[in-house]
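Colleague: So that we are looking at the same thing, I have put the structure below in structure tokens.
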Amino acid sequence: MIPGPVEISPGVRAALDAAPPGHLAPALIEAFGHALSRMREVWMAGPDARPLVVAGGGTLAMELAVANLTEPGDRAVVINTGYFSDRIAEMLRRSGAVVHEVRAPIGEAPAPEAVEHALEASARGGAVKLLAATHVDTSTGVRVDPAPLAALARERGVLSVFDGVCATAGEAFDMDRLAADVYLTASQKAIGLPAGLALLVASARAVEARRRRRAPPPPLYLDWEAWLPVMEGYEARRPGYFSTPPTSMILALAAGLDEIVQRGIAARVADHRRVAQALRAAWQTMGLAPIPRTAQLSANTLSAIRFPDGVDASLLARVLDRGVVLAGGLHPEIRSRYFRVGHMGYVVTRPDLLERTITALGAGLGDVGHPVDTAQALAAADALLGAA
Ligand code: PMP
């Protein structure tokens, strides 16, 4: 129950069990093409948008966006809600961008007015190229609302890049309606696969910005120009080659995205929302305080929870004694004061695993001298989990 890698479904596991196909095998060509078109559905991206699948992690997906869209001297605004926003700001700086960060206190997100001011302040030095935000920051459990941010960017001709690593398929994001330019993720979170794939959809505007680049091209492995023809080919069921794809993971991706689309992306996001509300109700009856300041700011995909007074990270070992793995803190300023529970992907279809998590946490809290009424917490969660 960590915020990724997550439990995987039996269907995804079965796909991974198949003998690894070659990258030109008919079964792989079909699965790759199918997965790319399924990405459009899950991202809610239009026909002009371009999906990309590259072996690697979420950090590679971020780098694929930054390296292609940033030229030395470009101006960029980063909405900084925690650890992974720091990371994209650092990448932008390394790509030569002049970065303006907008921050909020831990547990909050900057107001759209603050973002507007930052865009204006940055624009005084020249045209702003890019606005970046972390949809859900995994270090705080804070979710930003992408709609006003994408709109502010669009009004100004600024490209908007959203890190959806801890969000995509678990939080609402309609790429076409938002007119967002990049929405990126990794396989090990709400998509519901093991770690190993960087997944990204770029708008036609973003692809055009790469084509018009005047600076030297990005490193070859990162270059969209190298990857996009291969992706286009597979989507048209024509194999291509730039670098060998992780074929077993592509089979798993097709299976995992099929499960999401068969449920329906809106229903799948609603499942995540309902599970998050149920678990938050359980934490509340246990007297636990979340890091995000409001329910609106609280992600569907994970809970970041303060340790009660007198309790420390030894709690996690006591929960592990009951067979449930939780994650420690990640945000450098509060790392030892809170812990995290992931609730994304396949587990949202498994109330038994969610109940087991509540029971294990309740027992662990008792062990460390903070007894809680676990039955009451389970009842609070069940009342909401049952409301499908
Ligand atoms: N962005 C966010 C929001 C993340 O949660 C993570 C991983 N936890 C990353 C980026 C980086 O992904 P990876 O660890 O796969 O490189």
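The values are calculated or read from the model by the stated rules, or taken from the named source; none is laboratory data. No experiment lies behind these values; they were computed from the predicted model shown. Please note: Cβ atoms are built from the backbone with ideal geometry, for glycine as well, and neighbour counts cover all protein chains shown. Just the protein is used for accessible areas: all its heavy atoms, side chains included, with ligands, DNA and RNA removed. Shrake-Rupley method; radii C 1.70, N 1.55, O 1.52, S 1.80 Å.
Colleague: Restricting to bridges with both residues inside the range 1-143, how much of the DSSP beta-bridge set is antiparallel, in percent to the nearest 5?
Modeller: 15 percent
Colleague: Please calculate how many Å² of accessible area the chain carries per residue, with a 1.4 Å probe and no DNA, RNA or ligand atoms counted.
Modeller: Details: 14890 Å² over 388 residues.
Roughly 38 Å² per residue, with all protein chains present.
Colleague: Karplus couplings for the range 188-200 from phi (6.51 cos²θ - 1.76 cosθ + 1.60, θ = phi - 60°), rounded to Hz, Gly and Pro as x?
Modeller: Taking θ as phi minus 60°, the curve returns 8, 10, 5, 5, x, 10, x, 5, x, 10, 9, 10, 8 Hz for the range 188-200.
Colleague: Can you give the log10 of the normalised intensity I(q)/I(0) at q = 0.11, 0.15 Å⁻¹, computed with Debye over equal Cα scatterers of the chain?
Modeller: -0.77, -1.30
Colleague: Right, something else. Just the ratio, please: alpha-carbon radius of gyration of the range 153-200 over 2.2 N^0.38 Å, N its number of residues. It would help to have the intermediate numbers written out before the result.
Modeller: Details: Rg = 11.8 Å, N = 48, 2.2 N^0.38 = 9.6 Å.
The range 153-200 yields a ratio of 1.23.
Colleague: Counting only DSSP beta bridges with both residues in the chain, tell me the antiparallel percent, nearest 5.
Modeller: On the way: 22 of 42 bridges.
Given both bridge residues lie in the chain, the antiparallel proportion sits at roughly 50 percent.
Colleague: Over the Cα atoms of the range 264-319, what Rg and Dmax result, in angstrom?
Modeller: Over the range 264-319's Cα set, Rg and Dmax evaluate to 13.1, 44 Å.
Colleague: Evaluate E = 1/(1 + (r/R0)^6) for A383 and A14, where r is the Cβ-Cβ distance and R0 equals 41 Å; express this FRET efficiency to the nearest 0.05. The partial results should precede the final answer.
Modeller: Numbers: r = 34 Å, r/R0 = 0.83.
Once the sixth-power term is evaluated, E becomes 0.75.
Colleague: Just to verify a number: FRET efficiency for V98 and D176, C-beta to C-beta distance, R0 = 30 Å, to 0.05? Please report the intermediate quantities before stating the final value.
Modeller: Details: r = 30 Å, r/R0 = 1.01.
So the FRET efficiency works out to roughly 0.50.
Colleague: Quick one: pull the percent of accessible area on the chain belonging to carbon and sulfur, 1.4 Å probe, ligands and nucleic acids left out. If you can, show how the numbers build up before the last one.
Modeller: On the way: 7980 of 14890 Å².
Percent of accessible area from carbon and sulfur atoms in the chain: 54.
Colleague: Moving to a separate point now. If one takes the longest principal axis of the Cα atoms in the chain, at what angle in degrees, from 0 to 90 and to the nearest 10, does the Cα axis of helix 265-285 lie?
Modeller: Tilt of helix 265-285: around 30 degrees.
Colleague: Report, in whole Å, the centroid distance computed from the Cα atoms of the range 311-375 and the range 207-273.
Modeller: Each part's Cα centre sits 34 Å from the other's.
Colleague: Can you tell me what percent of all Cα-Cα pairs in the range 1-122 are more than 22 Å apart?
Modeller: Details: 4179 of 7381 pairs.
Tail fraction, whole percent: 57.
Colleague: Still on this structure, please answer the following. In whole angstrom, how long is each semi-axis of the equivalent ellipsoid of the range 37-76, when you take the square root of 5 times every eigenvalue of its Cα gyration tensor and sort them from largest down? Spell out each step's value before the answer.
Modeller: Details: eigenvalues 107, 41, 11 Å².
Ellipsoid half-lengths, sorted descending, are 23, 14, 7 Å.
Colleague: For q = 0.22 Å⁻¹, what log10 I(q)/I(0) does the range 238-343 give under the Debye formula with an equal point scatterer on each alpha carbon and no solvent?
Modeller: Here log10 of I(q) over I(0) equals -1.16.
Colleague: Over the range 295-388, what relative contact order in percent results from Cα pairs under 8 Å that are six or more residues apart? If you can, show how the numbers build up before the last one.
Modeller: Details: 105 pairs, mean separation 27.3, N = 94.
The normalised contact order for the range 295-388 reaches 29 percent.
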